[in-house]
Amino acid sequence: MHADLPLDAVTRPAWDDDPTWIAPRALDDDFACDTCVIGLGGSGLVAIHALLGAGGDVVSLDMADVGGDAAGRNGGLLLAGIADFHHDAVRRLGHETAARWYGETLEELERILDAHPSLARRTGSLRIAADDAEIIDCRQQFAALRRDGFPAEWYEGPEGVGLLFPTDGVVQPLARVRALAREAIARGARLHARTRVDAIRGGRVVTPWATIHARTVIVAVDGALERLLPELAADVRTARLQMCATAPAPSVALPRPVYRRWGYDYVQQRADGALLLGGFRDVALDEEWTCDDTPTAVIQGRLEQWLRADLGTSAPVTHRWAARVAYTTTGAPVCRMVRPGVFAIGAYSGTGNVVGAICARRAVRWALGARS
């Protein structure tokens, strides 16, 4: 049996398995365009495709690479709803808003599954209660979902007691965003990686080597959104989410993703038997409110304890990584015009695979003249 990957080893997410990928080149010339999209994650690329569909001329930038942060470093879950459980979203946002969000995420799930049949599949997902108090909360969530006609089933099985969401799924998140990037380039979009944005001044996006002049700017960044747009700092805060992955674990059989302890911890098993798990942010909550994406011994140690003691596998850890995601004070994502001609989407509170695409299309419609 191979040893676990050391905590101080340099690693990449388990999703990064395509040796043929070549990052787009950095921006080195000034451009003028209709729209500049900042961020080459899932939401940024959906926005690019929507703009191309409207006949727009698009230039897009990313400080790292396509899917270089949360979009390519997440748990690969496709979940209905926003970050709050449905009954909590109803309480915080109002019934109409919460139900509209839930319905839109169900529609977006179908769109992703249809568009990427080789990368995404419907498995369902489980919310498993950690104690009696969470069982009560699961029953409240179940009642709220059933009242609004959304699919959910009460579950008691080998994983524990909780809820089954039959419409949820999984996706290879990095491969998905890279597929979207290749398609966007083929359609005429100009994508530039490894290009830091130093300032957004009116219609000018300033980088170290060049300036883009754009009529509109869409900032499609999740983690560290408040750094790029300081006016969002009162509502948005960045956190580090840590994950690890194992070699194939034949002693474990998880047919669908499981999240537990009020959603803090999550695990899925890939077709090859490898386990991908993340969570335990609440164990060191103050330290995890950070823009640093370096895994820590405290959180990685708790993930390994879950692997060995609860999941019962000795499969070695092969990957360790973290992603930066942003949370909002309301639980709802950001989709906002922050300055004239500058639109911000992000802060998906850990649900960007589905919610990010919805926000991207809303921002594009708004940027093209539709009502908010």
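One residue alone among 176, 127 is of a type in the set (Lys, Arg), buried (at least 17 other Cβ atoms within 10 Å of the Cβ), modelled with pLDDT of 95 or more and more than 30 Å from residue 364 (Cα to Cα), and that residue is 127. Being touching a residue at least 12 places away in the same chain (Cβ under 8 Å) and more than 16 Å from residue 73 (Cβ to Cβ) is the filter; apply it to segment 275-285 and report the residue that is surrounded by the fewest Cβ atoms within 10 Å (Cβ to Cβ). Filtering segment 275-285 for residues that are touching a residue at least 12 places away in the same chain (Cβ under 8 Å) and more than 16 Å from residue 73 (Cβ to Cβ), the one surrounded by the fewest Cβ atoms within 10 Å (Cβ to Cβ) comes out as 282. Filtering 134, 108 for residues that are modelled with pLDDT of 95 or more, of a type in the set (Asp, Glu) and closer than 28 Å to residue 45 by Cα leaves a single hit, 108.
Name the one entry in 156, 107 that is surrounded by fewer than 18 Cβ atoms within 10 Å (Cβ to Cβ) and in a strand (DSSP E or B).
Numbers: 107 fails: in a strand (DSSP E or B).
Among 156, 107, only 156 is surrounded by fewer than 18 Cβ atoms within 10 Å (Cβ to Cβ) and in a strand (DSSP E or B).
Just give me the residues in segment 192-250 being over 24 Å from residue 282 (Cα atoms) and among the β-branched types (Val, Ile, Thr), in sequence order. Those that are over 24 Å from residue 282 (Cα atoms) and among the β-branched types (Val, Ile, Thr): 195, 197, 200, 205, 206, 207, 211, 212, 216, 217, 218, 219. Looking only at segment 183-196, decide whether some residue is within 18 Å of the chain's Cα centre (by Cα), closer than 30 Å to residue 269 by Cα and not aliphatic (A, V, I, L, M). For segment 183-196, residues within 18 Å of the chain's Cα centre (by Cα), closer than 30 Å to residue 269 by Cα and not aliphatic (A, V, I, L, M): absent.
Checking the condition open to solvent by 40 Å² or more (accessible area, probe 1.4 Å), in contact with a helix residue (DSSP H, G or I) (Cβ under 7 Å, 6 or more places away or on another chain) and closer than 27 Å to residue 331 by Cα, which residue from 298, 236, 221 passes?
298
Scan segment 179-192 for residues that are surrounded by 14 or more Cβ atoms within 10 Å (Cβ to Cβ) and assigned to a loop (DSSP other than H, G, I, E, B) and jot them down. Result: 189, single match.
Residue 288 meets each of the listed conditions (1) open to solvent by less than 40 Å² (accessible area, probe 1.4 Å); (2) in contact with a Pro (Cβ under 9 Å, 6 or more places away or on another chain) apart from (2). State yes or no: is residue 161 open to solvent by less than 10 Å² (accessible area, probe 1.4 Å), at pLDDT 95 or above and not in a loop (DSSP other than H, G, I, E, B)? No, not satisfied.
Against the condition outside any loop (DSSP other than H, G, I, E, B) and either modelled with pLDDT under 95 or open to solvent by less than 30 Å² (accessible area, probe 1.4 Å) (or both), how does residue 27 come out, does it pass? The answer is no for residue 27. Considering only segment 256-273, I want to know if a residue exists there that is farther than 20 Å from residue 130 by Cα, among the aliphatic types (A, V, I, L, M) and assigned to a helix (DSSP H, G or I). No, there is no match, as no residue in segment 256-273 is farther than 20 Å from residue 130 by Cα, among the aliphatic types (A, V, I, L, M) and assigned to a helix (DSSP H, G or I).
Return yes when residue 114 is open to solvent by 60 Å² or more (accessible area, probe 1.4 Å) and assigned to a helix (DSSP H, G or I) and no when it is not.
Details: open to solvent by 60 Å² or more (accessible area, probe 1.4 Å): yes; assigned to a helix (DSSP H, G or I): yes.
When the stated conditions are applied, residue 114 passes them.
Among residues that are surrounded by 20 or more Cβ atoms within 10 Å (Cβ to Cβ), among the aliphatic types (A, V, I, L, M) and at pLDDT below 95, residue 326 is not included.
The residue that is surrounded by the most Cβ atoms within 10 Å (Cβ to Cβ), counting only those in segment 198-214 that are modelled with pLDDT of 95 or more, over 26 Å from the mean Cα position of the chain (by Cα) and part of a strand (DSSP E or B), is 212.
The values are calculated or read from the model by the stated rules, or taken from the named source; none is laboratory data. Model, not experiment: these values are computed from the prediction. All Cβ positions, glycine included, derive from the backbone under ideal geometry; neighbour counts span all protein chains shown. The protein model used for the area step is the full one, side chains on, heavy atoms only, and it has no ligands, DNA or RNA in it. Shrake-Rupley method; radii C 1.70, N 1.55, O 1.52, S 1.80 Å.
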